[in-house]
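Undergrad: Here it is, the structure in full.
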Amino acid sequence: MDVDKIESALRADIAAAGDPEALDAVRVRYLGRKGRVTAMLRAISDAPAEDRPRLGAESNRIKILVEELLAARRAELVPQDENAFYAAPIDGTLPATDGSSGRRHVLVQTFNEMRGIFHGMGYRLASGPEVELEYYNFQSLNFPEEHPSRDLQDTFYLTDDILLRTHTSPVQVRYMEEHTPPLKIIAPGRVYRNEAIDQSHAAEFHQIEGLYVDTDVSMADLKGDIALFIQQLFGSKTQIRFKPHFFPFTEPSVDVDMTCFGCAGSGCSICGQTGWIEIMGAGMVHPNVFRAVGYDPDQYTGFAFGIGVDRVAMIRHGIDDIRLFLANDVRFLRQF
Ligand code: PHE
């Protein structure tokens, strides 16, 4: 088999093909079931073993060449006439395509809105891993060894000291390890808890962590920033209140309530007739957390807060089941 002969015959045949039909006949002559290239490829298996690699490479080269030459000649024979394309008559009676497109997930929309407000207040974005060390998720955050949330019942452990983060607070520690104050960040992300799942509990949900550290940061600063944020998100008439609470990594700690988005405080089904909705946890950064990252607690103070993105989206849109967010039902998602 003489490869060069096949190649020159091929070039001549293709050059001689004067219209698309003739070109197609050339294609069949070389690549068809009984074509010359096909025969070459078939012959390889009968050839002596030491010749096969060379024959294989040559046949393949010819095969690719045939395809390239055919495509080039086809482009010559059928000029792409843009004017002809645009001059084609349009049938105005055909049904229109529905023009629907994708959209951002309602949680992303909610997060973007929250992020925009924090951005305007001077918070920068930070992030950390969802697969986290026990050290960052618990130990550095001053959780005592026997704290119940360290339990398997509440936390997904991957190994003894690696877990799925149960909150975004580990990002506080990671960020402080890498930076010196003043710092003001939000850290959004997915978190995981080993929950009994129902309409208000999911095993995966989303938080935004906030952290502000400087000299002389006070609880008044915390209250001011939270009020400003909540009023921008839910309306300027929204009131907030602090209730004493406990978190190992803040002292003092608070639960933040806001007047109900649905009834403005008079009582409705959203707020369970109380007029108030629990919206986030917050507090002043515990000195032990500062010690864990090598900050001097006598020099710096700071506040932190954690707010659920799913919860905010539920309140704003009147969504009554947290499981809908990750169910990927377009009938639900399309509404936002
Ligand atoms: N990490 C806490 C939680 O998930 C929320 C929080 C963050 C509370 C920061 C106080 C300060 O429940």
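The values are calculated or read from the model by the stated rules, or taken from the named source; none is laboratory data. Just so it is clear, the structure is predicted and the values come from calculations on it, not from any experiment. With ideal geometry, Cβ positions are generated from the backbone for all residues, glycine too; neighbour counts draw on all protein chains shown. Ligands, DNA and RNA are stripped out before the accessible areas are found, and what is left, the full protein with its side chains, is counted by its heavy atoms. Shrake-Rupley method; radii C 1.70, N 1.55, O 1.52, S 1.80 Å.
Undergrad: Under 7 Å between Cβ atoms, at least 6 apart or on separate chains: pull out the pairs that start in segment 232-253 with a residue that is assigned by TED's automatic domain parsing to the domain that holds GLU278 and without any contact (Cβ under 8 Å) to a residue 12 or more places away in the chain and end on any residue that is among the polar types (S, T, N, Q) and near the ligand (Cβ under 10 Å from one of its atoms).
TA: If the second residue must be among the polar types (S, T, N, Q) and near the ligand (Cβ under 10 Å from one of its atoms), the pairs left are PHE246/SER253.
Undergrad: Here is a list: ARG52, ARG104, ARG74. Which entry is closer than 30 Å to PRO188 by Cα and in contact with a helix residue (DSSP H, G or I) (Cβ under 8 Å, 6 or more places away or on another chain)? Spell out the reasoning first.
TA: Numbers: ARG52 fails: closer than 30 Å to PRO188 by Cα; ARG74 fails: closer than 30 Å to PRO188 by Cα.
From the options ARG52, ARG104, ARG74, the qualifying one is ARG104.
Undergrad: Taking interchain pairs and intrachain pairs at least six residues apart, which have beta carbon atoms under 7 angstrom, with the first residue in segment 182-201 and in contact (Cβ under 8 Å) with a residue 60 or more places away in the chain and surrounded by fewer than 15 Cβ atoms within 10 Å (Cβ to Cβ) and the second part of a loop (DSSP other than H, G, I, E, B) and of a type in the set (A, V, I, L, M)?
TA: Close Cβ pairs (under 7 Å, with a partner that is part of a loop (DSSP other than H, G, I, E, B) and of a type in the set (A, V, I, L, M)) amount to ILE197/ALA203.
Undergrad: Then there is this: With respect to TYR86, is the statement that it is open to solvent by less than 70 Å² (accessible area, probe 1.4 Å) and of a type in the set (Phe, Trp, Tyr) true? Please lay out each step first, then the result.
TA: Working: open to solvent by less than 70 Å² (accessible area, probe 1.4 Å): no; of a type in the set (Phe, Trp, Tyr): yes.
Answer is no for this residue.
Undergrad: With the requirement that a residue be within 14 Å of the chain's Cα centre (by Cα) and either open to solvent by 70 Å² or more (accessible area, probe 1.4 Å) or farther than 17 Å from GLY318 by Cα (or both), what does segment 89-115 give you?
TA: ARG103, ARG104, ASN112
Undergrad: Another question, then. Residues being under 26 Å from ARG190 (Cβ atoms), open to solvent by 30 Å² or more (accessible area, probe 1.4 Å) and of a type in the set (S, T, N, Q): count how many of those fall in segment 204-246.
TA: Matching residues across segment 204-246 total 1.
Undergrad: Something else now. For segment 156-182, which positions are part of a loop (DSSP other than H, G, I, E, B) and within 12 Å of the ligand (Cβ to nearest atom)?
TA: So in segment 156-182, the residues part of a loop (DSSP other than H, G, I, E, B) come out as 156, 158-161, 165-169, 179-182.
Matches in segment 156-182: ARG165, THR166, HIS167, THR168, SER169.
Undergrad: Any residue that is touching a Cys at 6+ places or on another chain (Cβ under 7 Å), part of a strand (DSSP E or B) and surrounded by fewer than 21 Cβ atoms within 10 Å (Cβ to Cβ) - is there at least one of those in segment 299-308?
TA: No, there is no match, as no residue in segment 299-308 is touching a Cys at 6+ places or on another chain (Cβ under 7 Å), part of a strand (DSSP E or B) and surrounded by fewer than 21 Cβ atoms within 10 Å (Cβ to Cβ).
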